[in-house]
1. Which of 150, 99, 210 sits closest to the plus end of the dipole of the chain, meaning its Cα is farthest towards the positive end, when Lys and Arg get +1 and Asp and Glu get -1 on the C-beta?
2. Can you list the residues, at least 5 places off or on another chain, whose amide H is less than 5 Å from the amide H of residue 110, using H built in the peptide plane?
3. Between the alpha-carbon centers of region 79-121 and region 1-72, tell me the distance in whole angstrom.
4. Tally Lys and Arg at +1 and Asp and Glu at -1 over the other residues with C-beta under 12 Å from the C-beta of residue 197: what net charge comes out?
5. Tell me the mean residue ellipticity at 222 nm calculated for the chain from its helices only (DSSP H runs of n ≥ 4, each -39500 (n - 2.57), averaged over every residue, nearest 500).
6. If the only charges are +1 at each Lys and Arg Cβ and -1 at each Asp and Glu Cβ, what is the size of the charge dipole of the chain around the Cα centre, to the nearest 20 debye?
7. Each residue of region 14-28 in order: what ³J(HN,Hα) in whole Hz does its phi give by Karplus 6.51 cos²θ - 1.76 cosθ + 1.60, θ = phi - 60°, with x for Gly and Pro?
8. Give me, ordered by chain and number, the residues 5 or more places off residue 141 or on other chains with an amide H under 5 Å from its own placed amide H.
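The values are calculated or read from the model by the stated rules, or taken from the named source; none is laboratory data. Fair warning: this is a prediction, and the values are worked out from it, not measured in the lab. We place every Cβ from the backbone using ideal geometry, glycine too, and count neighbours over all the protein chains shown. Ligands, DNA and RNA are excluded from the accessible area calculation, which covers all protein heavy atoms including side chains. Shrake-Rupley method; radii C 1.70, N 1.55, O 1.52, S 1.80 Å.
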Amino acid sequence: MVPGETVLMGPPGSGKGTQARLLADAHGWVQLATGDLFRDHQRRGTALGRLAGERMAKGAYVPDEITVGMVRERLAEIPPGTRVVFDGFPRTVPQAKALDGLLAECGRHLHRVVLFEVAGDPLLDRLAGRVTCASCQAVYAARVRPPRVAGVCDRCGGALASSARPDDSPEVVLKRLDVYEEQTRPVIAHYEATGLLRRIDGVGPVDEVTERVREALS
Ligand code: AMP
């Protein structure tokens, strides 16, 4: 069993959300995805949800203090013995520095950071043709990661529908990629210096990427 918490990092559309969910399902871990938490606030119409919605619609990040506060609240709800896989957090160097304190507050520590490497173009294709399983939320993409049978989920046989995320429009996707380069790329160097970072090839069938993640965590 992994002796600490896991962070999955990578550009938007690199498949880290899919792998975070698979890890959570396979091991009984909790997937802590800040994008999902913001979307949940948005659905519930909270003040935080309104603010996050404005930022997300532009492809910009939500301010660090707000994001860190939300993660602290979520972490406090998770039983101490349950492992956490962070998906989409930390995304800035201040968030990465804050994470150590957040984990220490609840008696946890970081075990590994797995970086999904995906070259520029496939990423845009992947975001553009993204379809999601209505039953198990597995994500596929027309060219890079198609399902074996069109419209049918490989994992559970559920129906695939185009993912309706408003921040998947081409302009917002380009902005999200720029923001990633500017604000999140420096987080890689931060974790490289700690020795916790492992790089994996994020391109390929879901089960092959899952195997690479497993090796990176062992
Ligand atoms: P995601 O679902 O991870 O692609 O996140 C969707 C959007 O939520 C991002 O484009 C940001 O606007 C916001 N977001 C998610 N995680 C963070 C974070 N760690 N820091 C700041 N903003 C975030």
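1. Checked the options; the winner is 150.
2. For residue 110, the qualifying residues are 5.
3. What the calculation gives is 11 Å, centre to centre.
4. Numbers: positive: 112, 198, 199; negative: 117, 192.
Net charge around residue 197: +1.
5. On the way: 9 runs with 102 residues, N = 218.
Mean residue ellipticity at 222 nm (helix-derived): -14500 deg cm²/dmol.
6. On the way: 29 positive and 28 negative charges, 68 e Å.
Dipole magnitude for the chain comes out near 320 debye.
7. Per-residue couplings from phi come out as 7, x, 5, x, 4, 6, 4, 5, 5, 4, 4, 5, 6, 10, x Hz.
8. So residue 141 has HN proximity to 131.
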